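Notes follow the structure.
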Amino acid sequence: MEMSIEIRDLTKNYGKKQALSKVDLTISQGMFGLLGPNGAGKTTLMKILTTLLKKTEGEVTICGVPVEKNRQIRDMTGYLPQDFSMYGNMSVYEALDYLAVLSGMSKSERKSKVPEMLEKVNLLEKQKIKVKSMSGGMIRRLGIAQAIIHDPKVIIVDEPTAGLDPEERVRFRNLLCEIAKDRIVLLSTHIVGDIEATCENIAVLNQGKICFKGKVTELLSMVEGKVYSAEIAAVELEKVKEKYMVTGILVTGSTANIKIIADEQPFSQARQVQPDVEDAYMYLMHKEK
Amino acid sequence: MFGTLFIKECRQVLKSLVYYIYVVIFVLFITSQMSGEDELREPQPGWSYYGETVTQDDDLIMEGTLAHLIQEVGRNSFTTYPIGFYKEVNLTDGEIEQVKAILERCTGRSFEVLDEEMEQQFIQNSVGGASYQAAVKEGLTYAEFEAAMEEVCDLVGKGSFYEKGNYENSISVPMTYEQAKEEFDALSTKDGLTRAYMRLFCDYAGIILSVLPIFIGVSRALRDKRAKVQQVIFSKSASGIQIIVSRYLANLVMISIPVFLTALLLQQPFYYRAQTMGIQGDIWAFLTVPGIWLLPEIMTVLAVSFLITEFTDTIWTIFLQVAWAFTSLISATTLVGDFGLKLVARWNTLGRTLLYFSLEKELFFNRGFYFLLAAVCVILTVLVYEKKRRGGESVHEKLRKFDK
């Protein structure tokens, strides 16, 4: 069976408001990043892929199965929603076991898989603590465990690192990369750093439309030779911000180190630097406006 | 999957504070109401009072029914149950005049005179429980009376006291020794004492169970939303039927367990008492009587709370269902029988076995109706759940968007 998600001319309307417009996307095995500002339509797309929303128009297939076939799609996908939580009075083990039952797993499967998954997400030692006592990072790890416990071909994670501290965020990103070895992992986020660290292929969604799809290197090439760094007087900062797209500012006393995107060298002391994904994303969003 | 989900749901109920509050309130209510309900003796000749029974005497039926009509005309408030549910009917001035004319035709006296007579009876019988009577016109036949009551029914509408089946089963008179003995024999042989006691238990339990399960249903139906687990559960492969029905049945079983246990514990002294009186008690009455009497009520109350809460994502159903229970209770014309389609089936007496067996079919129809209603509500809840699962919104969410 083909391991890909095919999205063709996907449109989703909420009444008169269009949340997705003619989205075309092919997502293959491995990590795929879906980047976009808040309200771009990322969650809507995720919900359509996980059968939680009906599309208005277009075609979506997951590993060859049309998204309308709810039961089959739910069997082959694992979903970690943006605000994942569980019943506070359940222990970690009970919560995962409960969700495994809902995924159709038998008692014997659960008996071996639940501890295995808890170990994978580093929660085995915490299996008896109540969900209400867990930290945000631990809940997110429980969330990924429930998404992969039934061994789905596709894992869809919506804003998984929002609100996590830097250490938890890195740990979580690494975990996603690990589980993406033989699956499709679709990571939706507005945090550019998550995509940069984990995904080779990405798409950028803005106002319901795909404004970029391709490899990260292709996105970077859009701003190649257009990113500059300069040290200016702090008082000039406002003037520079009005004229150029500033993607980084570090103020030290009366001077400010800034990062600018410009088609040509903005001023003599500015020196060209290597762009990162955030620069490219900002450039793309600016162009979209 | 279903069995495992059911057991896990039962465990969830056991961890819920609302459930323990339910158990405590139920047990306290029942034990406080049922204490002292043990005055049961075989009637002996020479007693001054043997209790009341529904009369079959045409004259007494006519006198009692007309007295009832005088009171309702005086208030211009007629209690009816057009489709089994309470409805107050107020007549126009013209219609009231027509009813007064019917009264005059049946009694030979004007309404003003009859009203004065009724007031005198009230003053004389200041002790509660007195049955009022209005003497009929000399020569009035029962057929003429029936025709007159049909005219009243045409004016008042369906389901009033003046329907033949109602007034002929409602006029009570003091029992004779023979009647009391016949009643006691029926209680001993047909009811085995324990079944009669369980009917009284069901009367009290039915009152509180028309309300308490609402809170358990609402609590379960809103738990997913409160815990923010809706999305993740929606995305799982378990069907809406498996999820909703396992939750419903688990809550139903957990609500029923204290009911049957309390019934068993309260029945046991009566069972042993029956044995000492030489009566073969029914040991299973604690299961069979509440099973027929209370289970359909619990099923309906729980199913409606599931449905409305799932549909609205709010606690509105609490207000709605409490009002329903209250209406059912206040609308009963008698505390013994008058089942109609009332949610709470009343039987506030220990005994009256012969009357019970004459009304048993009506009770079965009532309970069957609520059993089916519960099943329909559960099916609708599954449909609402599946709709929400595919991006449908609850009424509450729609209203919030409209408000914005």
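The values are calculated or read from the model by the stated rules, or taken from the named source; none is laboratory data. Treat the numbers as computed from the prediction; the structure is a model and nothing was measured. Neighbour counts are summed over all protein chains in view; Cβ atoms, including those assigned to glycine, are modelled from backbone coordinates with ideal geometry.
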When residues of the stretch A:128-144 are limited to those that are buried (at least 18 other Cβ atoms within 10 Å of the Cβ) and touching a strand residue (DSSP E or B) at 6+ places or on another chain (Cβ under 8 Å), the one nearest to residue A:87 (Cα to Cα): A:131
Count - residues of the stretch A:86-133 that are of a type in the set (Ser, Thr, Tyr), within 8 Å of chain B (Cβ to nearest Cβ) and touching a Leu at 6+ places or on another chain (Cβ under 9 Å): 1
Count of the stretch B:71-94 residues which are over 21 Å from residue B:340 (Cα atoms) and crowded, with 20+ Cβ neighbours inside 10 Å: 1
Unique match (being more than 30 Å from residue B:241 (Cα to Cα), in contact with a Leu (Cβ under 7 Å, 6 or more places away or on another chain) and outside the structural domain of residue B:240 (by TED's automatic domain parsing)) among B:70, B:61: B:70
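Each row is one residue, and each column tells you yes or no for (1) touching a residue at least 60 places away in the same chain (Cβ under 8 Å); (2) over 15 Å from residue B:202 (Cα atoms).
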| position | (1), (2) |
| --- | --- |
| B:278 | no, yes |
| B:294 | yes, no |
| B:307 | yes, yes |
| B:311 | yes, yes |
| B:314 | yes, yes |
| B:319 | no, yes |
| B:326 | no, yes |
| B:330 | yes, yes |
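Residues are listed down the side, and each one gets a yes or a no for (1) under 30 Å from residue B:358 (Cα atoms); (2) within 14 Å of another protein chain (Cβ to nearest Cβ); (3) of a type in the set (S, T, N, Q); (4) assigned to a helix (DSSP H, G or I):
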| site | (1), (2), (3), (4) |
| --- | --- |
| B:4 | no, yes, yes, yes |
| B:22 | no, no, no, yes |
| B:46 | yes, no, no, no |
| B:53 | yes, no, yes, no |
| B:72 | yes, no, no, yes |
| B:98 | no, no, yes, yes |
| B:112 | no, no, no, yes |
Out of A:99, A:52, sole residue that is without any contact (Cβ under 8 Å) to a residue 60 or more places away in the chain and either under 19 Å from residue A:4 (Cα atoms) or in contact with a Ser or Thr (Cβ under 7 Å, 6 or more places away or on another chain) (or both): A:52
Residue count, the stretch A:92-115 (criterion: closer than 29 Å to residue A:47 by Cβ and surrounded by fewer than 17 Cβ atoms within 10 Å (Cβ to Cβ)): 2
Given (1) buried (at least 24 other Cβ atoms within 10 Å of the Cβ); (2) assigned to a helix (DSSP H, G or I); (3) aromatic (Phe, Trp, Tyr), number of the condition residue A:32 does not satisfy: (2)
Selection status of residue A:78, assigned by TED's automatic domain parsing to the domain that holds residue A:130 and at positive phi: no
Subset of the stretch B:345-398 (residues that are modelled with pLDDT under 90, on the phi < 0 side of the Ramachandran plot and assigned to a loop (DSSP other than H, G, I, E, B)): B:348, B:349, B:350, B:390, B:392, B:393, B:394
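For every residue, the table says whether it meets (1) part of a helix (DSSP H, G or I); (2) within 15 Å of residue B:388 (Cβ to Cβ).
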site	(1), (2)
B:203	yes, no
B:233	yes, yes
B:237	no, no
B:252	yes, no
B:259	yes, no
B:267	yes, no
Residues (within 14 Å of another protein chain (Cβ to nearest Cβ) and either crowded, with 18+ Cβ neighbours inside 10 Å or acidic (Asp, Glu) (or both)) located in the stretch B:241-273: B:242, B:243, B:244, B:245, B:246, B:247, B:250
Extreme residue, modelled with the highest pLDDT, among residues of the stretch A:121-159 that are farther than 21 Å from residue A:93 by Cα and part of a loop (DSSP other than H, G, I, E, B): A:153
Condition check for residue A:55: over 15 Å from residue A:204 (Cβ atoms) and either modelled with pLDDT of 95 or more or assigned to a loop (DSSP other than H, G, I, E, B) (or both): yes
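Is it true that some residue in the stretch B:135-142 is more than 22 Å from the chain's Cα centre (by Cα) and without any contact (Cβ under 8 Å) to a residue 12 or more places away in the chain? Write out each step before concluding.
Within the stretch B:135-142, the subset more than 22 Å from the chain's Cα centre (by Cα) is B:135-142.
Pick out the ones that are also without any contact (Cβ under 8 Å) to a residue 12 or more places away in the chain and you get B:139, B:141.
Looking through the stretch B:135-142, at least one residue is more than 22 Å from the chain's Cα centre (by Cα) and without any contact (Cβ under 8 Å) to a residue 12 or more places away in the chain.
Regarding the stretch A:231-243, can at least one residue be identified that is of a type in the set (D, E, K, R), in contact (Cβ under 8 Å) with a residue 24 or more places away in the chain, farther than 30 Å from residue A:13 by Cα and surrounded by 15 or more Cβ atoms within 10 Å (Cβ to Cβ)?
no
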Hey, residue A:218 in a helix (DSSP H, G or I), surrounded by fewer than 16 Cβ atoms within 10 Å (Cβ to Cβ) and free of Cβ contacts under 8 Å to residues at least 40 places away in the same chain or not: yes
